[in-house]
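Input: a single structure, listed below in structure tokens.
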Amino acid sequence: MALMKVKFDLKKRVKLAQMLWLMYWFSVMAGVLVFSMGLFFKIELRKRSELMDNNESHFVPNILIGVGLLACCLNAFGGKICYDSLDSTKFAKWKSILKPFLICCLFFNFLLIITAALCFAMRIPLEYTLAEGLKNGMKFYKDTDTPGRCYMKRTLDLMQIEFRCCGNNNYKDWFEIQWVSNRYLDFSSKEVKDRISSNVDGKYLMDGVPFSCCNPSSPRPCIQQQITNNSAHYSYDHYTEELNIWKRGCRDALIAYYGGMMNTIGILVLVVTLLQSAVMIGLQYINTSLSTLVNPEDPESESEGWILEKTVKETFTDIMAKMKAMGKGNQVDEGANEEAAATDS
Amino acid sequence: MVLLKLKFPFQKRVRLAQGLWLLSWVAMFSGAITFAMGVFLKTELYRRSEVMHNMDIHIVPNLLMAVGLASVGINICAGKVCHDSLDLSRFPRWKTFLPPFFCISVFFSSLLLVAMILSFALQASLEESLKIGLKNGIRFYKDTDTPGRCFQKETIDRLQIEFQCCGNTNYRDWFEVQWISNRYLDFTSKEVKDRVRSNVDGRYLLDGVPFSCCNPASPRPCIQNSLLDNSAHYNYEYQTEELNLYSRGCRQALVSYYMGLMNTIGPCVLLFFLLQMSILVSLRYLQTAMEGVLGQENMEIETEGYILEKGVKETLLETKEKMMKLFQLAQVGDASDATPGTEPEAEKPATA
């Protein structure tokens with residue numbers, strides 16, 4: 001009992017081939033889209049690689065780029081086959097390749113599903129990478145004279161402005177590190193000496209944040225210094241003040257940004273998988289309908305098309321039997337021995 | 001004397017029609033692109049309309065949008081005419097349509113040049129508009145509790161961050177206005193009282209700027225207050241300090257941004273204008289060449305094409321005469337409306 005058998009006359013076959021050719025072109029463009037999304041994701045990761053300690057994993061965007069290119073090639077090839085299927089002489093040369101090609105497409109579909117799953121799952125390692133990277137980045141904020149780190153201040157400032165965030169988890173992270181370079185501290189002044197002697201490491205710590213933490217929506221000019229000291233500013237209560245500086249931490253902001261990007265790409269890859277499965281089924285129909293012509297000489301005769309020659313269960317058992325036969329090819333002696341032993345006993 | 005006469009054998013006519021059909025499709029897309037550029041420019045101008053005093057500059061994107069839409073229609077018609085010119089039975093119906101079509105097309109194409117000229121001519125007006133708009137914006141920066149102005153602070157802050165600028169002409173503009181709201185000033189403190197008394201209007205002026213003027217590229221944390229006081233900060237000299245704040249004024253930043261946009265759009269518009277004019281000229285040649293074929297038995301004869309049947313001067317005189325005739329007809333119509341009133345009167349005495 002064939003799976004989803006459909007009768008085909010010439011007109012129906014021609015229509016199927018034309019529609020499938022169009023769908024293959026859409027799939028080529030979808031492949032280009034996946035490729036460009038992979039490239040975009042890779043560029044975005046590289047743009048902020050300073051904040052990820054330069055050891056972020058480019059595995060997922062590389063896979064997306066590879067899958068996109070592979071999809072383009074496979075679909076262009078499939079489109080050519082469709083185009084030739086209308087002419088029986090041209091189609092004859094593709095006949096032998098068609099079955100392996102369809103199996104390739106099936107494996108490619110599985111690869112697409114795995115890629116989509118990877119896209120959704122990449123969030124977790126990214127979270128850890130960002131947490132480490134941001135912590136180190138903030139430590140190097142003041143090192144504007146150290147080669148290799150002199151742009152960290154600018155990168156962090158621009159990131160906090162763009163993503164509307166402050167610090168790693170929140171703004172209090174800035175209280176725990178020295179973010180003012182020693183070059184701009186007057187070590188002869190009492191205030192500086194007090195602050196430095198107030199902690200073990202001799203760091204100049206204060207309850208202030210850089211200007212990039214300021215929220216433009218605040219109705220009052222930004223309060224950056226002595227944030228936790230209510231008496232230092234008129235009409236100010238840092239417990240209830242919401243709009244002065246950004247409340248969100250940069251790790252959450254960046255995770256949300258990259259997570260959204262990865263979710264979109266994952267959904268896109270799933271849609272491409274559906275499209276890919278549809279064209280694969282269409283090609284199988286074309287293959288079977290052109291090989292079961294009632295009258296092989298007459299191109300206008302009727303034919304039948306199906307997805308699988310037998311039912312799913314029977315096909316599966318057939319495949320298993322074939323694989324077992326291939327596996328037992330080297331063990332014929334053992335098999336004969338077993339049979340002999342069985343007949344004996 | 002015919003203007004720019006060319007001979008057209010049959011093959012040349014066919015090739016002209018086909019090439020022109022293809023070119024009209026290209027021009028249609030160019031028209032759509034011009035429309036899109038107009039929309040983009042208008043959106044960008046609209047986004048910053050809060051710091052602009054008047055909307056004079058909006059005429060440039062409006063013209064671009066209008067011409068873009070018109071040219072899409074014009075080029076669709078041109079394509080249809082080309083398509084029909086290959087079939088002699090369908091071409092005659094375009095005969096009366098084409099002369100006014102040419103006039104309208106030339107008018108719209110010249111509007112493109114007008115838009116380009118205006119984009120340069122209105123630069124001074126844009127600068128003036130920005131000057132006034134930014135001055136008001138900075139003045140109302142502190143009014144975050146006044147309805148209608150409460151978002152001025154956010155607008156100016158975001159503007160200064162995005163365009164990397166500070167103040168109107170430079171950062172000193174902030175020293176001349178009170179940009180801290182009275183709600184956050186402690187009027188019992190000595191410092192506030194001193195500052196308020198130090199000027200005629202009783203404003204709280206200080207040599208400080210908002211945080212949005214800070215330059216992230218500076219190696220030291222941003223110095224916003226006591227900018228002119230070297231002793232207030234360690235190792236600081238305001239005369240030589242370059243990177244602490246943005247040195248550019250927002251007026252200059254915005255003017256160069258918009259001029260950059262218009263300078264990019266300018267050459268594209270010029271190219272499109274040349275394309276459109278070449279299409280119109282070729283269409284005129286095709287029309288006149290086809291007119292020679294109409295009424296003939298054999299389609300494949302050689303004909304002549306020209307731009308104007310007579311010289312430029314004579315054509316202008318003829319057009320003027322035609323317009324005068326149309327004008328006179330309208331007047332005669334008015335006159336004949338007046339005369340039926342007198343005629344029945346003349347008849348009445350006759351009948352009476």
| query | Tell me, which residues of segment A:143-172 get at least 40 Å² less accessible area when the other protein chains come in, versus the chain alone (1.4 Å probe)? | reply | A:LYS153, A:ARG154, A:ILE161
| said: Can you give me the orientation-averaged projected area of the convex hull built on the Cα atoms of segment B:1-83, in nm²? | reply: 7.8
| note | Checking every Cys Cβ in chain A against the others at 4.7 Å leaves as unpaired A:CYS72, A:CYS73, A:CYS82, A:CYS104, A:CYS105, A:CYS119, A:CYS150
| query | Roughly how many Å is it from the Cα centre of segment B:276-294 to that of segment B:39-95, as a whole number? | reply | 22
| task | For A:VAL14, B:VAL60, give the ranking by accessible area with the largest first, probe 1.4 Å. | result | A:VAL14, B:VAL60
| query | Each label point is 7 Å from the Cα along the Cα-to-Cβ direction; what then is the distance between the points at A:LYS324 and B:PHE187, in nm? | reply | 9.7
| query | How many percent of the alpha carbon pairs in chain B exceed a separation of 37 Å? | reply | 50
| query | Rolling a 1.4 angstrom probe over the protein heavy atoms, how many square angstrom per residue are accessible across the protein assembly as shown? | reply | 55
| request: Please find, in a Gaussian network model of chain B (springs between Cα atoms separated by less than 10 Å), the residue of B:ALA217, B:ALA253, B:ALA32 whose mean-square fluctuation is greatest. | output: B:ALA217
| When the accessible area of chain A is split by element with a 1.4 Å probe, what percent falls to carbon and sulfur? | 62
| said: Just want to confirm a number: the relative contact order over segment A:243-319, from Cα pairs under 8 angstrom separated by 6+ residues, in percent. | reply: 18
| query | So how much accessible area does B:VAL312 have, in Å² to the nearest 10, using a 1.4 Å probe? | reply | 80
| task | Kindly give the semi-axes, whole Å and largest first, of the ellipsoid equivalent to segment B:134-291, taking each as the square root of 5 times a Cα gyration tensor eigenvalue. | result | 51, 20, 11
| note | For the pair A and B, the solvent-accessible area buried on both sides (1.4 Å probe; DNA, RNA and ligands excluded), in Å² to the nearest hundred, is 2300
| said: Which of the three applies to the protein assembly as shown, rounded, prolate or oblate, going by the alpha-carbon gyration tensor with a ≥ b ≥ c and a/c under 1.5 meaning rounded? | reply: oblate
| Solvent-accessible area lost in complex, 40 Å² minimum, residues of segment B:184-211 relative to chain alone, 1.4 Å | B:TYR184, B:PHE211
| task | Sequence neighbours fewer than 8 away in the same chain don't count; with that in mind, list the aspartates and glutamates whose C-alpha is under 19 Å from A:LYS7. | result | A:GLU297, A:ASP298, A:GLU300, A:GLU302, A:GLU304, A:GLU309
| task | Using a 10 angstrom cutoff on alpha carbons, build the Gaussian network for chain A and name the most mobile of A:LYS328, A:LYS313, A:LYS190. | result | A:LYS328
| query | What shape does segment B:185-260 take by its C-alpha gyration tensor, where a ≥ b ≥ c are the square roots of the eigenvalues and a/c under 1.5 counts as rounded, a/b above b/c as prolate, and the rest as oblate? | reply | oblate
| query | Carbon and sulfur together cover what percent of the accessible area of segment B:197-342 at a 1.4 Å probe radius? | reply | 57
| note | The Kirkwood hydrodynamic radius of segment B:218-316, taken as the inverse of the mean 1/r over all distinct Cα pairs, in Å, comes to 20.6
| message | Can you bin every Cα-Cα distance in segment B:51-139 into 5 Å intervals starting at zero and give me the percent of pairs per bin, rounded to whole numbers? | response | 3, 12, 16, 14, 12, 10, 8, 7, 6, 5, 4, 2, 1, 1, 0
| message | Give me the Å³ per residue figure for the convex hull around the C-alpha atoms of chain A. | response | 270
| query | Under the classification rounded if a/c is under 1.5, otherwise prolate if a/b is larger than b/c and oblate if not, where does segment A:1-93 fall, given a ≥ b ≥ c as square roots of the Cα gyration tensor eigenvalues? | reply | prolate
| field | Apportionment of accessible area to carbon and sulfur, segment B:46-97, percent (1.4 Å) | value | 61
| Just how far, in whole angstrom, is segment A:1-62 from segment A:223-251 if you go by their alpha carbon centroids? | 49
| In the structure shown, do any of A:LYS153/A:LYS247; A:LYS90/A:LYS322; A:LYS99/A:LYS324; A:LYS12/A:LYS90; A:LYS95/A:LYS324; A:LYS247/B:LYS153 have a Cα-Cα gap over 23 Å, and if so which? | A:LYS90/A:LYS322; A:LYS95/A:LYS324
| remark: Computed over segment A:97-151, the convex hull of the Cα set has an average projected area, in nm², of 6.4
| query | When every alpha-carbon pair in segment A:231-325 is counted, what percent end up more than 16 Å apart? | reply | 78
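The values are calculated or read from the model by the stated rules, or taken from the named source; none is laboratory data. Computed from a predicted model, the values in this text were never measured in an experiment. In this analysis, Cβ positions are derived from the backbone assuming ideal geometry, glycine residues included, and neighbour counts consider all displayed protein chains. Note: areas computed on protein heavy atoms with side chains; ligands, DNA, RNA excluded. Shrake-Rupley method; radii C 1.70, N 1.55, O 1.52, S 1.80 Å.
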